[in-house]
1. Among the numbered criteria (1) surrounded by fewer than 17 Cβ atoms within 10 Å (Cβ to Cβ); (2) more than 13 Å from every other protein chain (Cβ to nearest Cβ); (3) under 21 Å from B:Pro44 (Cβ atoms), which single criterion is violated by A:Phe28?
2. Any residue in the stretch A:36-52 that's under 12 Å from A:Ser77 (Cβ atoms) and facing chain B (nearest Cβ under 9 Å): show its pairings with residues that are hydrophobic (A, V, I, L, M, F, W, C) and outside any strand (DSSP E or B) at Cβ separation under 9 Å, as long as the two are six or more apart or on different chains.
3. Whether any residue in the stretch B:29-37 is in contact (Cβ under 8 Å) with a residue 12 or more places away in the chain and either surrounded by fewer than 18 Cβ atoms within 10 Å (Cβ to Cβ) or among the β-branched types (Val, Ile, Thr) (or both) is what I want to check.
4. Out of (1) assigned to a strand (DSSP E or B); (2) loosely packed, with under 15 Cβ neighbours inside 10 Å, the odd one out for A:Arg37 is which?
5. When you look at B:Glu15, is it among the charged types (D, E, K, R) and crowded, with 18+ Cβ neighbours inside 10 Å, yes or no?
6. Any chance the stretch B:77-84 includes a residue that's part of a loop (DSSP other than H, G, I, E, B), away from chain A (no Cβ under 14 Å) and closer than 30 Å to A:Trp10 by Cα?
7. Regarding B:Ala104, is this residue away from chain A (no Cβ under 12 Å), of a type in the set (A, V, I, L, M), on the phi < 0 side of the Ramachandran plot and touching a residue at least 12 places away in the same chain (Cβ under 8 Å)?
8. Mind listing just one residue for me: the one in the stretch A:61-117 that is surrounded by fewer than 23 Cβ atoms within 10 Å (Cβ to Cβ) and basic (Lys, Arg) and, of those, farthest from B:Cys88 (Cα to Cα)?
Amino acid sequence: GAVVSQHPSWVICKSGTSVKIECRSLDFQATTMFWYRQFPKQSLMLMATSNEGSKATYEQGVEKDKFLINHASLTLSTLTVTSAHPEDSSFYICSARDEGANYNEQFFGPGTRLTVL
Amino acid sequence: RKEVEQDPGPFNVPEGATVAFNCTYSNSASQSFFWYRQDCRKEPKLLMSVYSSGNEDGRFTAQLNRASQYISLLIRDSKLSDSATYLCVVTIPADSWGKLQFGAGTQVVVTP
């Protein structure tokens, strides 16, 4: 089946630093990737839709200047959390849409757990 | 009102028993439906798609009721490994990117 990787799997950083998270589709090409955030005991919340070769589309309430997304190739999207603060601590998950599959199936990366001190 | 609503549970189920739970969605134009499973501190994994006619995958049966706008998941002969949070997921109508809407999940705990 389709495999999506994320790196790093966890990161601890000081307040004010920037953190880059990579999302890769390993065995398929993904024109579209999605970035989610999940706080404890809450649902996944879509942050943005990442489109290869164009600007990302952000959901309402998500600051595009704080969460920078780059989708430079058909297999890689990156999310950079700029000037991270403790309230940004969360579980960040990417997914990639396998456009060859039926029903808009998405495959998720293993997630990145970010802790900002 | 939330777009996708689920009973958070937990549903405490004895091993070997059957458990079923529903999910309601608010947009009647939604077209694709899924059940995902999420283990603690892990990513969601697709359990099964939900087809209009209902479908079965081993011990798991999913049903779709468009008139009442809900989908259901039934787990037969529960195993300890079925303990997880089950996420109801629907596609956002008319969204060309295939965005998904997630419910908050139903927690199932299978006990020995």
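1. Condition not satisfied by A:Phe28: (1).
2. Here the result reads A:Thr49/A:Ala56; A:Thr49/B:Trp97; A:Asn51/B:Trp97, each pair linking the stretch A:36-52 to a residue that is hydrophobic (A, V, I, L, M, F, W, C) and outside any strand (DSSP E or B).
3. Checked against the condition, which is being in contact (Cβ under 8 Å) with a residue 12 or more places away in the chain and either surrounded by fewer than 18 Cβ atoms within 10 Å (Cβ to Cβ) or among the β-branched types (Val, Ile, Thr) (or both), the stretch B:29-37 yields at least one hit.
4. Against the list (1) assigned to a strand (DSSP E or B); (2) loosely packed, with under 15 Cβ neighbours inside 10 Å, A:Arg37 comes up short only on (2).
5. Against the criterion (among the charged types (D, E, K, R) and crowded, with 18+ Cβ neighbours inside 10 Å), B:Glu15 does not qualify.
6. Just the residues of the stretch B:77-84 that are part of a loop (DSSP other than H, G, I, E, B), to begin with: B:77-79, B:83.
After this cut, where a residue has to be away from chain A (no Cβ under 14 Å) as well, the list is B:77-79, B:83.
Next, from what is left, pick out any that are closer than 30 Å to A:Trp10 by Cα: B:83.
Yes, the stretch B:77-84 has at least one match.
7. The answer is no for B:Ala104.
8. By that ranking, first place goes to A:Lys66.
None of the figures in this text is laboratory data; all of them are computed from the coordinates on show. Nothing here was measured: the structure is a model prediction, and the numbers come from that model. Note: ideal-geometry Cβ built from the backbone for every residue, glycine included; neighbour counts use all protein chains shown.
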